[in-house]
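Structure first, commentary second.
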Ligand SMILES: Cc1ncc(COP(=O)(O)O)c(C=O)c1O
């Protein structure tokens, strides 16, 4: 019998990253458009709080569920900004980034054979996180002709007696779609009617464009008791390397399981990072607003550039920092192949341009590639020129 972990992959995205890093190390000019990590600095107030915590010797074991001050600040933020229904700070836990919160959510919820409905294409880690405790990912295709709607009717059709939860991610990685409040309300009704859980991954809550408002499904009172919401500091504060996130869970049994998992996995989150997190939540939001407006400018530049390249049919993102692109039928292919891996390899080999093959995000992703517009505008403009040169 194989071990359950043997059924999990390290993911195609890792393969691309390794290839790009090898080329970079060899001194080649590369454009790292495959990574979801912006080039912004951590805002100054957060940096100061981290340095100060270090100087003051706040470097000893923190409580494994997180510093009380930070959990209170997280609770206040979720109530104020997300209108989330959360019982109290005991139902908030500090995690090592969003990934760790999602890991615990699925580990605490699922028994082997339990099904979780998720969008397809989707950031590949989600299906693997569901598989980790023996769960079964059930993909629901997002269709470009429907504007990548996470369609409540399609979700309803995917529900079986083994369905345990519906996973939602808005804004969504990789397609950049925002799940509307109306669709989320329908999904909540479905979950209530069928006795399901909702796992809401709000990693990109602040990276949202054109005046759209982020909506949290856990703000709907009828489903709040059965919702697990995961947040991260990675995207909002460019803190990817500092590994900080949090989750809100109202159900006492799930909280109890998560506490045990926290204790046995990380036994707490690095203390100085948590002091930085407190500064982020209680300080001014100027840096975040500037970052989002710069990201909107990068999106405009990069999206309009991609539209000029004959082999791409890009979709305009409403949030997050990725452009999802269909590969046009007119593309000649590379080394006898025309799939999403062929395009990814072609862009790296011929142009030093990183992207992610659509198939890495699920079966519906084949025929597409994902670009991240996380680098500065001159670099993005140069990458567009390189691709224009490649495709004539
Ligand atoms: C949809 C989604 N959720 C969660 C995360 C978790 O990020 P982190 O573990 O850095 O907080 C990511 C990272 O790319 C993501 O794309």
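FYI, it's all coordinate maths here, none of it is from the lab. All of these numbers come straight from a predicted model, not from anything done at the bench. In this analysis, Cβ positions are derived from the backbone assuming ideal geometry, glycine residues included, and neighbour counts consider all displayed protein chains.
On the basis of the beta-carbon distance and an R0 of 25 Å, residue 282 and residue 37 show a calculated FRET efficiency of 0.50.
Please give the Cα centre distance for the range 195-257 versus the range 333-392, rounded to the nearest Å. After rounding, the separation between the Cα centres reads 31 Å. For the chain, take the longest principal axis of its alpha carbons; what is the angle in degrees between that and the long axis of helix 286-307, to the nearest 10 within 0 to 90? Roughly 30 degrees between the two axes.
Look at the alpha carbon pairs under 8 Å that are at least 6 residues apart: their mean separation over the length of the range 252-392 gives a relative contact order of 21 percent. When shorter helices are ignored and each DSSP H run of at least 4 residues is given -39500 (n - 2.57), the per-residue value for the chain at 222 nm works out to -12500 deg cm²/dmol.
How would the range 88-181 be classified by its alpha-carbon gyration tensor: rounded, prolate or oblate, with rounded meaning a/c under 1.5 and the a/b versus b/c comparison settling the rest? In terms of gyration-tensor shape, oblate.
Zone of residue 253 (label point 7 Å along Cα→Cβ, backbone N under 17 Å): which residues in the range 111-141? Hits in the range 111-141 for residue 253 at 17 Å: 111-115.
Taking a quarter of the surface of the Cα convex hull of the chain gives a mean projected area of 20.0 nm². Share of antiparallel DSSP beta bridges in the range 60-283, in percent to the nearest 5? For the range 60-283, the DSSP antiparallel bridge percentage is about 35.
Largest GNM mean-square fluctuation among 36, 11, 362, using the chain with Cα springs under 10 Å: 11. For a label point 7 angstrom out from the Cα of residue 182 toward its Cβ, which stretches of the range 200-238 have the backbone nitrogen within less than 18 Å? Within reach of a label on residue 182, which here means backbone N under 18 Å from a point 7 Å along Cα→Cβ, the range 200-238 contributes 212-217. Compared with the dominant Cα axis of the chain, that is its longest principal axis, helix 271-282 is turned about 90°. Write down the Kirkwood hydrodynamic radius of the range 60-283, to one decimal in angstroms, obtained as one divided by the mean of 1/r over all alpha carbon pairs. Mean inverse Cα-Cα distance, inverted, gives 17.4 Å. Distance from the C-alpha centroid of the range 1-56 to that of the range 84-158: 22 Å, rounded to the whole angstrom.
Please label the shape of the range 1-108 as rounded, prolate or oblate, based on the square roots a ≥ b ≥ c of the eigenvalues of the alpha-carbon gyration tensor (a/c under 1.5 means rounded; beyond that, a/b larger than b/c means prolate, else oblate).
Oblate shape, in that a/c is at least 1.5 and b/c is the bigger or equal ratio.
An ellipsoid equivalent to the range 323-392, defined through the eigenvalues of its Cα gyration tensor, has semi-axes of 20, 15, 10 Å when rounded to whole angstrom and sorted largest first. Normalised by the number of residues in the chain, the average gap of Cα pairs under 8 Å and 6 or more apart makes the relative contact order 24 percent.
DSSP beta bridges fully contained in the chain are about 55 percent antiparallel. Looking at the range 178-308 only, what percent of DSSP beta bridges run antiparallel? Nearest 5 please. Once the DSSP bridges in the range 178-308 are tallied, antiparallel ones form about 55 percent. In the range 67-175, Cα pairs under 8 Å separated by at least six residues give a relative contact order of 25 percent. Approximating the spin labels as points 7 Å out from Cα along Cα→Cβ, the residue 47-to-residue 326 distance works out to 4.4 nm. Taking the C-alpha atoms only, the angle from helix 44-55 to the longest principal axis of the chain is near 50 degrees.
A simple spin-label model places the labels of residue 337 and residue 6 2.5 nm from each other, with each point 7 Å out along Cα-to-Cβ.
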